[in-house]
Every structure is written in structure tokens, then in C-alpha cells.
Amino acid sequence: MNANDPMNKFYVSGGLFRSSVFQKLEEWESCKRALLVEIDPVTKTSRRVVEYESPKEVTADEMPAILFKYAYASGNKLYTCTATEIIIYDLPSFRVANYISLPIFNDIHHVYYSQRRGTLLAAVTGLDIVAEVSLEGKLLREWDVMGQDTWSIFPRNTDYRKVPTTKPHRAHANYVFELGDEIWVTRSHQREAISLDDPTRKIDIAIQRPHEGHLFNDFLHFTTVDGHIVIVDPRTLKIERVHDLQKMAGSPEESLGFCRGLHSLDDRFAWVGFTRIRPTKFREHVSWVRHPTRPQRHSHVSLFDLQSGTRVEEIETEPHGIGVISNIFHI
């Protein structure tokens, strides 16, 4: 079997929507349960492999958003994070192997295991820092992604797990990756990625706000929230290609949704996730949405053929439980 067959089963991480008939819910109130779901694109069936609810002592007291913000497999481990926790599962059993929750964890968007360093790197979006944590749960180091003194902006002794939101964020740091010995992070508001070791080294992603960026086949693949895949040469830090998924879907006037989740299979095929746009008081975050007064598409994943510029397959995820899509991956 071809491991990169685009119709192989894959996994989606995210959360089950919390419904409310009385009020419009913000992002930090949106989900009531974290989910990892295996989806078979051939039969359109699914299997929930993990359902998880964070303990009350590590969440805000009222309507916390509980979802897996990211998940990926490496070796026999699955690395995940909620807004306030890092959880590592053994594979294939999906049993919890490590659990870490620290008071500085607020709105974590990404966790990455650095094999070179033997530590975990987390994008703590709520404080706009990258935290380096040992597998035993010890905070080793932190970097403010704006180069500022974090603790002159936020009181150090607060338990930020209990704070519903710290928005508006200064940068909305949301994805950590390594290039050689350098640690990099995406800064969504600034539409760029920067090296934490040398902040003068930057990747300009001016098309729209980036959400993630991973190294694949010697090139960096970024998504932007409005539905682009941006491919960057890590040697020159320059954009090589841009794929407009809106055009590929054949609906240039329709918003596909909040683009979050990219699983590149090879140089041709990629699965991409789109979360339904929901109301927010931070309107600048969704200013790119086409025709915002129209009903928005439901959350879904789509398979794109980047060579032919077409959408090959589409699967709605809300019937499978995933309202907010965080990412897509294989095990």
C-alpha cells in the first residue's frame, strides 16, 4: 500500500462545538470536548479514537473551549495540546504517556517535540511566548516573540489557565518549527515567521495571516487563514509558489472557512481543513471573509491536487463531531 495514497485513512484533531441558543459564543467558549477522529475518505465513515475533557482546575471557570489545538504523530508517540495542556499519547493504544499543565499555559496553539533538543516547544499564544518544557514538565526557557519583557506586560504570578482570554494578542504566535539549529515561530498578526535565535531573519508571508508552517520535502509549507498554501525555500527564506485554494475549489466568491490544518502527502496532493466562520467581536481577524453576511460553509476537509489546480474531494467534519478543525495528520 502506498503510504501517501490520498484516499488512505487520516486523522483530524479539534473539538465538538458547544451550542448556545441564548448568546453568540466567542472562540474561547466554542468547544466543549476535544476530539481525535479517524476518517475514511472512501467510505466517508469515522471513528473517534480520543474524546477528552480538561479537568476544571486547569480551565477557565465558565464555558472554557476544550479542544485539541494540534496533534501529530512521531514514532510511537502522539503529541497533542489543548489550550492549557500538553498531552502525549502512546501509539497505537492512545493511552496517556505524559501530561503537562503549567500556570503560564494560555491558549496554546501548537506543541512540537524537538528531537535535537529532547524537549517540547509550545506556542503559548495567550502570552505570545514560545515555552521550552522538559518531558518531565519543567519550564526550561521562554522567548517573547515580540522581543519584549513578557512579565512587564502580564503579572508573573497569575495562573493563566484560569484566564478565559488575553485577547487582543500582540502577535498571535501560533506555530513553532526548526530550521537546523534555529527555532522559528509564526506571528500571525505580522504575517511572518521569525527566528527566535536571530529575529532579523524573517519570512514575509504578506498574502494573509499565516497559521502553520512545516518543513516538507525540503520546503516550508505555510497556510494562510483565507485559504492559501505558501511554499517557501528555507535557504533563501523567499516565497517560491503560492496556491490559491479558493480558486481551486471553483468558488472564488465564497469563503471556504477559516483555513487551519495542512497535511501535505507529496508534491501534488494535500488535505486542508476549513473551520466554519463564527461571529467574533474581533472583526479584524475575519476581515478577509467574502460576503460575511451570508451563511458560512460548514467545517470540512478538502483534498487538493496542487498540480492540476483542482479540488478532488471534500468531507464535512461536523457530522463526525469535529466543529473546529485544528489539523490533519497520518499515523
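For region 211-223, the count of residues that are touching a His at 6+ places or on another chain (Cβ under 6 Å) and not in a strand (DSSP E or B) is zero.
When restricted to residues that are of a type in the set (A, V, I, L, M, F, W, C) and not in a strand (DSSP E or B), region 121-137 contains 2.
Got a sec? Which of Thr236, Thr293 is part of a loop (DSSP other than H, G, I, E, B), hydroxyl-bearing (Ser, Thr, Tyr) and at pLDDT below 95?
Every option except Thr293 fails the conditions.
Residues in region 21-39 include at least one that is modelled with pLDDT under 95 and small (Gly, Ala, Ser). Taking the listed residues Glu38, Glu53, the one that is touching a Lys or Arg at 6+ places or on another chain (Cβ under 6 Å), more than 26 Å from Leu262 (Cβ to Cβ) and free of Cβ contacts under 8 Å to residues at least 40 places away in the same chain is Glu53, with no other qualifying.
Please specify each residue of region 139-156 satisfying the condition of being in a loop (DSSP other than H, G, I, E, B) and either under 22 Å from Tyr72 (Cα atoms) or of a type in the set (S, T, N, Q) (or both).
Result: Gln148, single match.
Residues of region 66-95 being of a type outside the set (Asp, Glu), assigned to a loop (DSSP other than H, G, I, E, B) and in contact (Cβ under 8 Å) with a residue 24 or more places away in the chain, which ones? Hits for region 66-95 are Ile66, Leu67, Phe68, Lys69, Thr82, Ala83, Thr84, Leu91, Pro92, Phe94. Among the criteria (1) part of a strand (DSSP E or B); (2) in contact with a Gly (Cβ under 9 Å, 6 or more places away or on another chain), the one Ile183 does not fulfil is (2). Only residues that are more than 19 Å from Val324 (Cβ to Cβ) and buried (at least 22 other Cβ atoms within 10 Å of the Cβ) were counted in region 233-268, giving 1.
Asn106 satisfies every condition listed in (1) surrounded by fewer than 17 Cβ atoms within 10 Å (Cβ to Cβ); (2) polar (S, T, N, Q); (3) part of a loop (DSSP other than H, G, I, E, B) except (1).
Scanning region 36-65 for residues being closer than 22 Å to Leu102 by Cβ, assigned to a loop (DSSP other than H, G, I, E, B) and among the aliphatic types (A, V, I, L, M) gives a total of 2. Considering only residues in region 188-208 that are in contact with a strand residue (DSSP E or B) (Cβ under 6 Å, 6 or more places away or on another chain) and of a type outside the set (A, V, I, L, M, F, W, C), the one that is surrounded by the most Cβ atoms within 10 Å (Cβ to Cβ) turns out to be Ser188. Every condition in (1) free of Cβ contacts under 8 Å to residues at least 24 places away in the same chain; (2) more than 16 Å from Asn174 (Cβ to Cβ); (3) of a type outside the set (Gly, Ala, Ser) holds for Asp144 except the one numbered (2). Only a single item in (1) of a type outside the set (Phe, Trp, Tyr); (2) buried (at least 21 other Cβ atoms within 10 Å of the Cβ); (3) within 18 Å of the chain's Cα centre (by Cα); (4) at pLDDT 95 or above is not met by Thr59, and it is number (3).
Being crowded, with 23+ Cβ neighbours inside 10 Å, within 16 Å of Pro103 (Cα to Cα) and modelled with pLDDT of 95 or more, is that true of even one residue in region 131-145? Within region 131-145 (the criterion being crowded, with 23+ Cβ neighbours inside 10 Å, within 16 Å of Pro103 (Cα to Cα) and modelled with pLDDT of 95 or more), the answer is yes, since at least one residue qualifies. Considering Val12, Val49, the condition of being under 25 Å from Leu303 (Cα atoms), β-branched (Val, Ile, Thr), touching a helix residue (DSSP H, G or I) at 6+ places or on another chain (Cβ under 8 Å) and modelled with pLDDT of 90 or more is satisfied by Val12 alone.
The values are calculated or read from the model by the stated rules, or taken from the named source; none is laboratory data. These numbers were taken from a predicted model, which means no experiment stands behind them. Every residue, glycine as well, gets a Cβ built from its backbone with ideal geometry; the counts of neighbours run over all protein chains shown.
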